[in-house]
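Heads up: the structure comes next, in structure tokens.
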Amino acid sequence: MAKKSRALRPARLRAALAEIRLVVFDVDGVLTDGGIAYSGRTEIQRFHVHDGFGLVALRRAGFVIAWISGRGSLATRTRAKELGVDEVHLHVKDKRLALAELQARLGIPPAHTASMGDDEPDLGLLAASAFFAAPADARPEIRALADLVTDARGGAGAVREFADLLLAARAR
């Protein structure tokens, strides 16, 4: 089960997660292992099937799913479409601003938003979310700020682990 980074009691963890309606993920380093491979000029990304199943389960449970990434590729767009991701924002320079605009448009406040990131550009997601998770291999400074650090690494089940916690909290 996931490790707590900041002192969050189990009851507070469940209560915080039970209020979440919007779940936002960085892509590189969270949904992927952070590696970038090219075949000629084509970028290749590897996504874990467990994470995909977790995202589909979140959507079926009524969560709004968003990907906000500083990068972007055809592979990212293709995978998001396959999974039915509600909002895909790529090549984002200011993730905090992008998330605030998304929250305003959807009418979902930060108090009902959770996010997951792995590196400094994701601090904007943390700032606009009530709950922030990080994969096990996130940068140390990001893990130190996270409400939750998963046991799994980015691109290797971290998203599924977080999704399972959100689903369990909603079921209570």
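The values are calculated or read from the model by the stated rules, or taken from the named source; none is laboratory data. All values derive from a computational prediction rather than experimental measurement. Note: ideal-geometry Cβ built from the backbone for every residue, glycine included; neighbour counts use all protein chains shown.
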From LEU99, LEU83, grab the single residue that is touching a helix residue (DSSP H, G or I) at 6+ places or on another chain (Cβ under 9 Å), over 17 Å from ILE20 (Cβ atoms) and not acidic (Asp, Glu). LEU83
Need the failing condition index for ALA146 against (1) in contact with a Leu (Cβ under 6 Å, 6 or more places away or on another chain); (2) closer than 18 Å to ALA16 by Cα, just the number. (1)
Please count how many residues of region 45-59 are surrounded by 15 or more Cβ atoms within 10 Å (Cβ to Cβ), assigned to a loop (DSSP other than H, G, I, E, B) and charged (D, E, K, R). 0
Could you go through region 60-75 and let me know if any residue there is outside any loop (DSSP other than H, G, I, E, B), modelled with pLDDT of 95 or more and surrounded by fewer than 17 Cβ atoms within 10 Å (Cβ to Cβ). yes
Is there a residue being modelled with pLDDT of 95 or more, closer than 20 Å to HIS48 by Cα, out of contact with any Lys or Arg (no Cβ under 6 Å at 6 or more places or on another chain) and buried (at least 16 other Cβ atoms within 10 Å of the Cβ) anywhere in region 96-110? no
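Out of region 133-165, which residues are assigned to a helix (DSSP H, G or I) and over 13 Å from ASP51 (Cβ atoms)? Break it down stepwise before answering.
So the first thing to find is which residues in region 133-165 are assigned to a helix (DSSP H, G or I), and the list is 140-145, 158-165.
Once the filter is applied, which keeps residues that are assigned to a helix (DSSP H, G or I) and over 13 Å from ASP51 (Cβ atoms), region 133-165 yields PRO140, GLU141, ILE142, ARG143, ALA144, LEU145, LEU165.
Here is a yes/no grid of residues against (1) free of Cβ contacts under 8 Å to residues at least 40 places away in the same chain; (2) of a type in the set (A, V, I, L, M, F, W, C); (3) touching a Gly at 6+ places or on another chain (Cβ under 9 Å):
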site	(1), (2), (3)
GLY70	no, no, no
LEU126	yes, yes, yes
ALA130	no, yes, no
ALA138	no, yes, yes
ILE142	yes, yes, yes
LEU148	no, yes, no
ALA152	yes, yes, no
ASP164	no, no, yes
Can you find a residue that is under 22 Å from ALA15 (Cβ atoms), surrounded by fewer than 21 Cβ atoms within 10 Å (Cβ to Cβ) and aliphatic (A, V, I, L, M) anywhere in region 130-141? yes
Does VAL30 satisfy the condition of being among the β-branched types (Val, Ile, Thr) and not in a loop (DSSP other than H, G, I, E, B)? no
Please find, within region 91-112, the residue that is farthest from the chain's Cα centre (by Cα) out of those that are outside any helix (DSSP H, G or I) and free of Cβ contacts under 8 Å to residues at least 60 places away in the same chain. GLY107
Tell me whether region 92-109 contains one or more residues that are of a type in the set (Gly, Ala, Ser) and more than 14 Å from VAL24 (Cα to Cα). yes
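Taking only region 15-27 into account, find how many residues are part of a loop (DSSP other than H, G, I, E, B) and more than 16 Å from ALA168 (Cα to Cα). Quick ask: steps written out before the conclusion?
Taking region 15-27 and keeping what is part of a loop (DSSP other than H, G, I, E, B), we get 19-21, 26-27.
Retained after the next criterion (residues that are more than 16 Å from ALA168 (Cα to Cα)): 26-27.
Residues that pass the stated criteria total 2.
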